[in-house]
Structures are given as structure tokens and as C-alpha cells.
1. Looking only at segment 51-76, count how many residues are under 10 Å from GLY35 (Cα atoms) and either in contact with a Cys (Cβ under 8 Å, 6 or more places away or on another chain) or without any contact (Cβ under 8 Å) to a residue 24 or more places away in the chain (or both).
2. Any chance you could count how many residues in segment 3-16 are open to solvent by 60 Å² or more (accessible area, probe 1.4 Å), of a type in the set (A, V, I, L, M) and modelled with pLDDT of 95 or more?
3. Mind listing whichever residues of segment 43-56 are at pLDDT below 95 and either open to solvent by 50 Å² or more (accessible area, probe 1.4 Å) or in contact with a Leu (Cβ under 9 Å, 6 or more places away or on another chain) (or both)?
4. It is to be established whether one or more residues within segment 25-41 are touching a strand residue (DSSP E or B) at 6+ places or on another chain (Cβ under 9 Å), surrounded by fewer than 18 Cβ atoms within 10 Å (Cβ to Cβ) and among the hydroxyl-bearing types (Ser, Thr, Tyr).
5. Condition test on ILE69, is it surrounded by 20 or more Cβ atoms within 10 Å (Cβ to Cβ) and more than 17 Å from GLY8 (Cα to Cα)?
6. So GLN44 passes all but one of these: (1) closer than 18 Å to GLN13 by Cβ; (2) part of a loop (DSSP other than H, G, I, E, B). Which condition number does it fail?
7. Does ARG19 fit the bill of being under 20 Å from SER115 (Cα atoms), at pLDDT 95 or above and in contact with a Gly (Cβ under 6 Å, 6 or more places away or on another chain)?
8. Just need a number here: residues in segment 28-44 that are in contact with a Ser or Thr (Cβ under 7 Å, 6 or more places away or on another chain) and closer than 13 Å to ASP103 by Cβ.
Amino acid sequence: QVQLVESGGGLVQAGGSLRLSCAASGLIFSIKAMGWYRQAPGKQRELVALITNDGSRNYADSAKGRFTISRDNAKNTVYLQKNSLKPEDTAVYYCIVNTGVLDYWGQGTQVTVSS
């Protein structure tokens, strides 16, 4: 079992920045990848960024050049630095941890970007 605690969401103006954090506890040794998804109202949940144990990163096209995912293995924490935010980035952002067998999800944190 893996428990996830997210933080860092909030309200920001367009062009601003936010950093999301997600701290994992539990079966840490089983984690293969960590990342972030988001879900905007009326839309399906979509991948934002993912980072594997070897440091490989995968970004959605909408995130490339603006968002940076990083990971502190000593703290079992994944971060998402979001710059140049746009109103269309407004969504609930969910942390995900993949163990190779199961996916674990955080409770979600709201990010609202005002124009």
C-alpha cells in the first residue's frame, strides 16, 4: 500500500507559477514511476508528466516547455513546477505512483488560473 499527500495547489493569475508536491509513504521500494495527471471540468483525466526511477521524463504536449517534473528520492517526493500558467491549465491535479502492478492516486489538488 502506498499513501500520497499532495500540496501546492491554489489560485494564480495567468503567466504565474505554482509548484505541486506529492509525498509518498508506505511500500516505497515498489515504486517504478511517479507523476501527475489532471482533470478539467467536463473533460477526461489526462497525463501531465511522468518520471521513472531512472530519471526518464515524459510530458504532455501542453506541458512541454512550461512544466518541469522532478523527484527527490530521499524524501520520496515528486514535484511539478509549473510556469507560464494559462487559464486552460485550470484543473484538479492528481499525483500518481506506479508500482508496476498497481497505480495509486492522490486526493487531488485544485489549480485555478485566472485570466
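1. Result for segment 51-76: 5.
2. Qualifying residue count, segment 3-16: 1.
3. ASN53, ASP54, listed by residue number.
4. Of the residues in segment 25-41, the ones touching a strand residue (DSSP E or B) at 6+ places or on another chain (Cβ under 9 Å) are 25-28, 30-41.
Among the residues that remain, those that are also surrounded by fewer than 18 Cβ atoms within 10 Å (Cβ to Cβ) are: 25-28, 30, 32, 39-41.
Now drop any that are not among the hydroxyl-bearing types (Ser, Thr, Tyr), which leaves 25, 30.
Yes, because at least one residue in segment 25-41 is touching a strand residue (DSSP E or B) at 6+ places or on another chain (Cβ under 9 Å), surrounded by fewer than 18 Cβ atoms within 10 Å (Cβ to Cβ) and among the hydroxyl-bearing types (Ser, Thr, Tyr).
5. Spelling it out, it is not the case that ILE69 is surrounded by 20 or more Cβ atoms within 10 Å (Cβ to Cβ) and more than 17 Å from GLY8 (Cα to Cα).
6. (1)
7. Values: under 20 Å from SER115 (Cα atoms): yes; at pLDDT 95 or above: yes; in contact with a Gly (Cβ under 6 Å, 6 or more places away or on another chain): yes.
In short, yes.
8. 4
The values are calculated or read from the model by the stated rules, or taken from the named source; none is laboratory data. Please read all numbers here as calculations on a predicted model, not as lab measurements. Ideal geometry is used to build each Cβ from the backbone, glycine not excepted, and the neighbour counts take in all protein chains shown. Accessible surface is based on the protein model in full, side chains and every heavy atom, while ligands, DNA and RNA are left aside. Shrake-Rupley method; radii C 1.70, N 1.55, O 1.52, S 1.80 Å.
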